[in-house]
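The values are calculated or read from the model by the stated rules, or taken from the named source; none is laboratory data. On a predicted model such as this, the values are computed, not experimentally measured, just so you know. Glycine also receives a Cβ, built like all others from the backbone with ideal geometry; neighbour counts cover every protein chain displayed. Areas reflect the complete protein model, heavy atoms only, side chains present, ligands, DNA and RNA absent. Shrake-Rupley method; radii C 1.70, N 1.55, O 1.52, S 1.80 Å.
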Amino acid sequence: VCHPISFFNISSRCIRGNQLKINIMMQTRTVLRSLRPGLNKFNATGGNLMLTRSLSDLPVDVDHAKGAWKTYGELDSYKPGKFQVGTFNKISAKGLEVFEPELYETLDGAKAVNAHAILLRSHKLKEEEVSYTVRAIARCGAGTNNVPVARMTELGIPVFNTPGANANAVKELVLCGLFLSSRRVVDGINHMKDLGTKGLAKERVEKDKAMFGGQEIKGKTLAVIGLGHIGSSTARDAGRMGMNIIGYDPGLSIESALKLPRNINLVDSIVSAVAKADYISINIPYIKGDPSEGGTHGVIGSDVIEHFKPNAVLLNFARGELVDSAAMKEFLDSGDGKYVSDFPDDLLWDHKNSVILPHLGASTEEAEDAAVSYLKLSRFITILCPYSLPHFFARRFCYSLS
């Protein structure tokens, strides 16, 4: 049985000009014949249909290999017998241990010119960064809005994510947001720093603390919009701290439902959830498009915000684009409401009633380790690649097998 990516075990020492094309074309015919039985079996499960439609976007013929080799990858970095994984952003070293060094080579994204898979966190992936060799893309986190999923689908490149891997980290920061908005902690810290620079901290601390009075969260009502991994955990732990919980999620799963506090009040709309809430946590994915068209862009807009209590607090640790910043600013300007967000906002960053954090939700050592270890990517490319030709030609030859 051939190693998955060793169909062409051609040493670079033997590669010389046109002879390479001849050798590869001859070996290609042999490989195609040997793959026929396996692909026919694969076709029975619909797999060949996926390969046919997805792994090629161009018709092919016997002359398709002509042209510059840089189109297909670089031979200098090709290591027969190993899958190549390209990483963008800093990926946890502990998490990368799931890729055994005997089978996988992990390289920085720019160096992984023959990558079979791409791992990334917040990097905004461009199509030109996805070479012909790529079999799968994995976002080490919950959302995939920084990956052109629709285009990757057209190219037959599945996009994975790791829902739940960072749930605890984000949930803890949501709970932190509850306290930040209730006790004016940030304002107090900044005030003490100012007094410290003037040498007045000890003299003024008891007099000035009245400027930062707050409220307790026990007995208050928290509305959780979206009851997935993060939302359900937030609802559970907030309930344990004595809060009353209102929940809304039209797609609530059994797994998430089992995590919810028994006394949660489930409602049938976002407006119903926020109307009686002192605090509102949104935990839904960002989907491009207006809510009327099935998207979630600006889903927390004026039509929802007008139902907020005057002193309500909105906690946004999901995605910045979910909130209509102009509508939120109007709300903050008109009362004592507050906005705590984990995302930059050009309109609200310096508002006196907002606290803007630098996207810290999943920025813990534990979450970064879990984000990679949760992936089934290694299993996927190991299974898929035996049905693909080696990375120089895979997408195009698989088209010809239909």
*What spacing in nm lies between the two simple spin-label points modelled at Leu347 and Ser253, each 7 Å away from Cα in the Cβ direction?*
3.3
*Highest mean first, what order results for 360-367, 219-226 on Cβ atoms within 10 Å?*
219-226, 360-367
*Anything over 27 Å Cα to Cα? Flag those among Lys171/Lys309; Lys124/Lys220; Lys218/Lys288; Lys126/Lys259; Lys79/Lys126, in the order listed.*
Lys124/Lys220; Lys218/Lys288; Lys126/Lys259
*Rounded to whole Hz, the Karplus (6.51, -1.76, 1.60) HN-Hα couplings of the stretch 100-117, x for glycine and proline*: 4, x, 5, 10, 10, 10, 9, 9, 4, x, 5, 8, 7, 6, 10, 4, 8, 8
*Subtracting the Cα-Cα distance from 0.36 nm times the residue separation, let me have the gained length for Ser302 to Lys202 in nm, one decimal.*
31.6 nm
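Give a quick list of chymotrypsin sites (Phe, Trp or Tyr not before Pro) in the stretch 168-267 that DSSP marks as loop, anything other than H, G, I, E or B, with at most 11 other Cβ atoms within 10 Å.
none
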*Going by average Cβ neighbours within 10 Å, how do the peptides 272-283, 249-260 rank, with the highest at the top?*
272-283, 249-260
*Calculate the translational D of the stretch 167-356 in whole µm² s⁻¹ from Stokes-Einstein, where the hydrodynamic radius comes from the Kirkwood formula applied to all Cα pairs, the temperature is 10 °C and the viscosity 1.306 mPa s.*
92
*Averaged per residue, what accessible surface does the stretch 167-356 expose to a 1.4 Å probe, in Å²?*
51
*Express in whole angstrom the spacing between the alpha-carbon centres of the stretch 94-128 and the stretch 293-360.*
35
*Taking the Cα centre of each part, how many Å lie between the stretch 146-160 and the stretch 241-275?*
32
_Förster radius 25 Å - calculated FRET efficiency between Asp187 and Ala93, Cβ distance, rounded to 0.05_ = 0.05
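Rank-order 198-211, 124-137, 180-193 by packing density, defined as the average count of other C-beta atoms within 10 Å over each peptide's residues, highest first.
In descending order of packing, they fall as 124-137, 180-193, 198-211.
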*With all protein chains present, how much of the accessible area of the stretch 167-356 (probe radius 1.4 Å) comes from carbon and sulfur, to the nearest whole percent?*
52
*Cross-link reach list, lysines versus Lys352, counting only Cα pairs under 17 Å and skipping chain neighbours closer than eight places*: Lys329, Lys338
